[in-house]
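Working notes, structure below.
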Amino acid sequence: GRAKSGKGIVIDANPKVAGWKERVALVAAEAREKAGITELFTGPLLVRMTFWMPRPKSHYRQDGFLLKPNAPKNHIVRPDKTKLTRSAEDALTGVIWRDDTQVVGGEEWKYYADGDAIGQVPGVKIVVEELA
């Protein structure tokens, strides 16, 4: 693997909040400050994003808590992974990095959020690492 500079940031933001991109930017700025990183990343970056999408009410039984047996496991509806990723990258431009062209690698996943009890609430977790 490539050597990393040791600088990195973890960002958690909830897409249910009005103005999601603004929320991602705000949470990212807070995470950068907490990590003690005072300037934007300027080098190549590795970015991992995990999107936890809210389930529609139709996936739940009448009790509103238990999932129906036929509820899909995977989130294969809109928005697509590319749109989610692009939106998050746009929100981080000028907050975490200078330009999203710096992202040279990484991965993105999208899942249904299946509950607070197992740590799956709607939102996104973003890990940014600067490559050496």
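The values are calculated or read from the model by the stated rules, or taken from the named source; none is laboratory data. All figures in this text were calculated on a predicted structure; none of them were measured in a lab. Cβ atoms come from the backbone with ideal geometry, glycine included; neighbour counts cover every protein chain shown.
Structure notes:
- Counting only strands (runs of 3 or more DSSP E) wholly contained in the stretch 1-118, the ones carrying 1 or more residues that are at pLDDT 95 or above occupy 45-53, 103-112.
- Residue, surrounded by the most Cβ atoms within 10 Å (Cβ to Cβ), within the stretch 36-95, restricted to residues that are polar (S, T, N, Q), touching a residue at least 40 places away in the same chain (Cβ under 8 Å) and farther than 17 Å from residue 120 by Cβ: 87
- Qualifying position, being in contact with a Leu (Cβ under 8 Å, 6 or more places away or on another chain) and exposed (fewer than 15 other Cβ atoms within 10 Å of the Cβ), among 104, 128: 104
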